[in-house]
Amino acid sequence: VFLSEWKERKVALSRLTSLEMRDDFLCGLQMLKSLQSKHIVTLLGYCEEDNTILTEYHPLGSLSNLEETLNLSKYQNVNTWQHRLQLAMDYVGVINYLHHSPLGTLVMCDSNDLPKTLSQYLLTSNFSIVANDLDALPLVNHSSGTFVKCGHRELHGDFIAPEQLWPYGEDIPFHDDLMPSYDEKIDIWKIPDVSSFLLGHVEGSDMVRFHLFDIHKACKSQNPAERPTAQDILDTYQKVLNLLRDTVMSQTREML
């Protein structure tokens, strides 16, 4: 990926360097073309013959850099629980959009640990979040019984949803053909961990966590069907934001 200039604006130029990744590259391009919205990085142009994609440049970079960015003195005014909760709402908004996309229900598969998940998103200059890496978004179709598997290797760790783990114990070696598939609720399982990272450790963020405890506990239900939808989570985040804002406002009035 190169920083370039086009029509007097800075742009990100992505060029394929390994031809064995061409299918992923073209898949990512197709997704970019099909999913253009406020939740997705803006596609400015592409050339399939040249394996080149031109997208909007976001100088703050990957969401992985959030803490370093907010620790800079010029961004202290946005390093608040309000702005951080808004970032978490942006993130859940992207997931909700993918689950109700123009193409159907898409699952964010490149998310087997927190750093990998954060690297799929960009932080914009006005402190919102857009998805950037779209080459692993398989489609779920409940009515036709089409489910997904994220890759063909055994997955480990507690960041991923329990249904993504090999269910047959250590006695039976992992075999992809025997691994059950799953649906978009794997994205829901990961939301509390990503949101907790986004909320950080500023004044008020623990109060936000307290108010989100019940919805986040529901996200961690072992049974995927019992987990809330991304829209349910978004609605709860909005209620908590409104509630805590009103509380802060009334406390400020009392102090005055």
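The values are calculated or read from the model by the stated rules, or taken from the named source; none is laboratory data. Because the structure is a prediction, the values reported are computed rather than measured. Virtual Cβ from ideal backbone geometry, glycine too; neighbours counted across all protein chains shown. Please note that ligands, DNA and RNA were not included when accessible areas were found on the heavy atoms of the full protein model with its side chains. Shrake-Rupley method; radii C 1.70, N 1.55, O 1.52, S 1.80 Å.
Annotations
- Consider segment 85-113 and keep the residues that are out of contact with any Ser or Thr (no Cβ under 7 Å at 6 or more places or on another chain) and acidic (Asp, Glu). The one that is least open to solvent (accessible area, probe 1.4 Å) is Asp110.
Conditions tested, residue by residue: (1) closer than 30 Å to Gly104 by Cβ; (2) part of a helix (DSSP H, G or I).
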| position | (1), (2) |
| --- | --- |
| Pro180 | yes, no |
| Asp193 | yes, yes |
| His201 | no, no |
| Asp206 | no, yes |
| His211 | no, yes |
| Pro228 | yes, no |
| Thr236 | yes, yes |
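- Looking only at residues in segment 116-148 that are in a loop (DSSP other than H, G, I, E, B) and in contact with a Gly (Cβ under 6 Å, 6 or more places away or on another chain), the one that is farthest from Val41 (Cα to Cα) is Asp135.
- Every residue from segment 53-84 that is part of a helix (DSSP H, G or I) and open to solvent by less than 30 Å² (accessible area, probe 1.4 Å): Leu63, Leu66, Thr69, Leu70, Val78, Trp81, Arg84
- For segment 86-115, a residue qualifies if it is among the aliphatic types (A, V, I, L, M) and either touching a Gly at 6+ places or on another chain (Cβ under 9 Å) or not in a helix (DSSP H, G or I) (or both), and the qualifying residues are Leu103, Leu106, Val107, Met108.
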